[in-house]
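What follows is one structure encoded as C-alpha cells, with my remarks underneath.
What follows is calculated from the coordinates using simple rules that are stated; it is not laboratory data. Quantities reported herein were computed from a predicted structural model and do not represent experimental measurements. As a convention, Cβ positions derive from the backbone with ideal geometry for all residues, glycine included, and neighbour counts pool all protein chains shown.
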Amino acid sequence: MKSSIWIVDFGSQYTQLITRKFRELGYTSEIITVEDGLERLKTIKPKAIVLSGGPQSVFEDTTDYSPFFADLKLPVLGICYGMQILGQFFGGKVEKGVQGEYGLAQLHCTKGFSLAGFPEKSNVWMSHSDHVSILPENFQQIFASENGLVAGIKHKTNPILGLQFHPEVHHTVHGKEVLSYFLNDIAKLKTDWSSKTMLENSLEEVKKVKGSKILCAFSGGVDSLVAASLVQKVVGNDLYCFFVDNGLLRPQDIHTIKLLQEKTSLNIEIIDASDLFLNALKDDKDPEHKRKTIGRTFIEVFEQKVHEFEKSHGIKFEYLLQGTLYPDVIESISPHKKGGKSVTIKSHHNVGGLPERMHLKLLEPLRFLFKDEVRAMGLELGLEHGWVFRHPFPGPGIGVRVLGQLSLDSIRKVQESDQILFEELKEHKLYDSTWQAFTVLLPVKTVGVKGDGRVYEEVIALRMVNSEDGMTASVTELPWSFLNRVSSRICNEVNGITRVVYDITSKPPGTIEWE
Ligand code: XMP
C-alpha cells in the first residue's frame, strides 16, 4: 500500500507492529527497505519517516543516511537502532553497550518533559546494547532508563524524535501515547485509516481487474473466504472458486464448504480427489515428504481440473486470487529475513509456484491487511461470525495429524476425534478461547480395558494453543471437566482409541503441529 508515512525497515522483528499501532491510531503507513527509501527520496517526499530498530550496530554501518535528514522539516522518528542512527548523524555519540538492556525496563520522563497520558515512570520494552551517550547539539533528552541511559531524545525546533525503547511492542504500557505524540503533536498528520477506508481501498483494487475471469484455490478458511467474497462483490460470476477435497479434511471442513455453497452466492466447485492424494501418499512416512507430495498433487489436480473446466466452459482464466496477508508480504521484504540463513522448520507454502505454472497473474487484495482486519472486513461484507472466526487449518490437513504413514483407518480416527473436540468446544463455548484446537493420532499402542476385556489400541493427543500469529504459542488452559468429557467421548466413540493425552508443550520448543 502506498502511504505517505514510510517505515524504513532495518530488520527488527517488531517492525510490522509499528504499522499495526499506527493503524490503531488511524494512520496508514508503508514498510519499505532502506534502499527503497533512499531511492524514492530522490523524487518524492513522504509526510513522515520512521527508522525502525534492527540487529546491526552503527559502528559497522557505512550507509549514507543524509537523504533522510536533508529536509529538517520532514518528521522523523528513530526507534532503537533508528535513534542511534539519528543520534550519530546529528553529531552525538553512540557507545558500544557493555551490558545492554533487554526486556522489560522502567522509563522516566526527564525533568521538564511531560506527555499526555504518559506517567512519570512507566514500563517499556528494551532490546539494545549500543546507546546514545552524548546528545547531539540542539537535541534535548526526554526519557531516561532506570540505569540512567538516554532513552529518548527530541530536536529542540525540528520534528525529530528518537526512542531507545520500542513503543510499538505490547509490553510498553504507554507506547501508543508516544506514537500518537509523534504523529499528532510532532508530525501534525491527519488520520486516514479506518475499516471503511480499508474496504473501499480493497474494492478499488479489485475494480481494476473487472471483466477478467478470476480463479480461486478456495479452502473455506478465513483468508480465502474473505478474499473471494470481496472479489465476488465486484466481479460477480467471473469469479470461480475451486475447492479440492484431498481426503485429509475434517468433517467440519466439508460441512462449512457445503454451507458456503448453500448460503453465499460464491461459485464453488468441489473437486473430489481423495483417492489420488491417498494413493500418492501411500509410501510417505516423513512429514516433509508428505507435505511435498500433498503440495505437488494439489497443483497437478488443480491444474488439470481447471484446464478441463476452461475447455468445457469456453473461458480462459487470467487471474489467480490468493488470500495473502500483510505479515507474509513483510516477511518477503524484510532485510533481516530476505536471503537470511533461517532454517526451514516446515515447508508451508503448499501452492507456491501455481501462478507461474498456469500463466496466471496474481490478485492479492488482502496483502496489506492483518488477520484481525481481514476478519473485520469479512463481517463488514456480511459473512457469518462463525465462518470468519474459524481456527487456522493447515493445507496438508490431517496428512500431518496422523504421525507417519497414513491409512483410511488412521484418517478416520483423527476425523472422528476432531469432530468430538470441535463439538465439545462449541458446546462449552470454549471455541473462541483457544487459537487452534485439534487432535493427533500417535502411532503407539497402549494397553487398556474396554468392557471386561483387554485392548491394545492407539492414542489420541489433544492440542490446543493460544497464539497471536502461530510463531509462538502457549498451551490453552481448559477446565478439567471439559478435558474429561472430550477424553471420555473419544474413548467411547472412536473405534481403536483407548487413551487420550493433552499436549502441554509451548512453542518453542514444540511446534504447534506434531509433524
Ligand atoms: P507449526 O506447526 O509450524 O504451525 O508451529 C504454525 C501454524 O502453521 C500451521 N501449519 C501449516 N500451515 N501448511 C500450512 O498451510 C503447512 O504445511 C503447515 N504446517 C503447520 C499450523 O497449523 C499452525 O497454525
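So how long is each side of region 218-300 along the principal axes, counting just the alpha-carbon atoms, biggest first, in Å?
For region 218-300, the Cα extents along the three principal axes come out at 44, 22, 18 Å.
Once phi is turned into ³J(HN,Hα) by the Karplus curve 6.51 cos²θ - 1.76 cosθ + 1.60 with θ = phi - 60°, what whole-Hz value does each residue of region 69-83 show in order, with x for glycine and proline?
In residue order, the calculated couplings are 10, 5, 9, 5, 8, 6, x, 10, 10, x, 10, 6, 4, x, 5 Hz.
Residue by residue through region 491-497, what is 3J(HN,Hα) from phi via Karplus (6.51 cos²θ - 1.76 cosθ + 1.60, θ = phi - 60°)? Round to whole Hz and write x for glycine and proline.
Once rounded to whole Hz, the list reads 5, 7, 9, 9, 4, x, 10.
Could you give the Stokes-Einstein D for region 124-183 in µm² per second, using the C-alpha Kirkwood radius, 20 °C, 1.002 mPa s?
D, rounded to a whole number, is 178 µm²/s.
Enumerate the calculated ³J(HN,Hα) couplings along region 442-451 in order (Karplus 6.51 cos²θ - 1.76 cosθ + 1.60, θ = phi - 60°), each rounded to whole Hz, writing x wherever the residue is Gly or Pro.
Values, residue by residue: 8, x, 10, 9, 10, 8, x, 10, 10, x Hz.
Output needed for region 1-50: three equivalent-ellipsoid semi-axes, defined as square roots of 5 times the C-alpha gyration tensor eigenvalues, in descending order, whole Å.
18, 14, 6
At q = 0.12, 0.18, 0.21, 0.23 Å⁻¹, what log₁₀ I(q)/I(0) does region 445-509 have when each alpha carbon counts as one equal point scatterer in the Debye sum?
Cα-only, vacuum Debye calculation for region 445-509: -0.39, -0.73, -0.87, -0.95.
Antiparallel versus total DSSP beta bridges in the chain: what percent is that, nearest 5?
Working: 39 of 74 bridges.
Looking only at bridges with both residues in the chain, the antiparallel portion is about 55 percent.
Work out the length of the dipole vector of region 401-502 about its Cα centre, built from +1 on the beta-carbon of each Lys and Arg and -1 on the beta-carbon of each Asp and Glu, and round it to the nearest 20 debye.
Once rounded to the nearest 20, the dipole reads 340 debye.
For a quick protection proxy, order the peptides 63-69, 227-233 by their average other-Cβ count within 10 Å, most packed first.
227-233, 63-69
Over 18 Å apart: what share of the alpha carbon pairs of region 52-141 falls there, rounded to a whole percent? Please report the intermediate quantities before stating the final value.
Working: 2068 of 4005 pairs.
Beyond 18 Å sits 52 percent of the P(r) for region 52-141.
Using only DSSP helix segments of four residues or longer, with each worth -39500 (n - 2.57), what per-residue ellipticity at 222 nm results for the chain after dividing by its residue count and rounding to 500?
Taken over the chain, the calculation gives -10000 deg cm²/dmol.
If we restrict to alpha carbons, what Rg and Dmax does region 146-267 come to, in Å?
Over region 146-267's Cα set, Rg and Dmax evaluate to 23.3, 66 Å.
Amide H neighbours of Cys80 under 5 Å, at least 5 residues apart or on other chains, H built in the peptide plane: list them.
Those qualifying (amide H under 5 Å, at least 5 residues apart or on another chain) are Leu163, Gln164, Phe165.
Which cross-chain or sequence-distant (5 or more) residues have an amide H under 5 Å from the amide H of Ser29, H modelled 1.01 Å from N in plane?
none
Name the residue from Thr15, Val98, Leu249 whose Cα lies farthest towards the positive end of the charge dipole of the chain, charges +1 on Cβ of Lys and Arg and -1 on Cβ of Asp and Glu.
Of the candidates, Thr15 comes out farthest on the positive side.
What is the packing order of peptides 464-470, 306-312, taking the mean over residues of other C-beta atoms within 10 Å and listing the highest first?
By packing density, highest mean first, the sequence is 464-470, 306-312.
What is the Cα convex hull volume of region 69-209 when expressed per residue in Å³?
Each residue corresponds to 147 Å³ of Cα convex hull volume.
Using +1 on the beta carbon of Lys and Arg, -1 on that of Asp and Glu, and nothing else charged, what's the dipole of region 364-410 about the Cα centre, debye to 20?
Here region 364-410 has a charge dipole of around 140 debye.
For the chain, restrict the atom set to alpha-carbon positions and state the Rg and Dmax in Å.
26.3, 86
Name the residue farthest towards the positive end of the dipole of region 359-515 from the options Ile411, Thr476, Leu430, assuming +1 on Cβ of Lys and Arg, -1 on Cβ of Asp and Glu, about the Cα centre.
The listed residue farthest towards the positive side: Ile411.
Mind checking the dipole of the chain: about its Cα centre, +1 per Lys or Arg Cβ, -1 per Asp or Glu Cβ, Debye to the nearest 20?
520 debye
Return the long-range amide H neighbours of Leu321 (sequence gap of 5 or more, or a different chain), with a cut-off of under 5 Å between placed amide H atoms.
Residues meeting the amide H criterion: Leu215, Cys216, Ala217, Leu363.
Over the Cα atoms, compute the radius of gyration (one decimal) and Dmax (the largest Cα-Cα distance, rounded to a whole number) for region 401-502, in Å.
Cα only, region 401-502: 13.9, 47 Å (Rg, Dmax).
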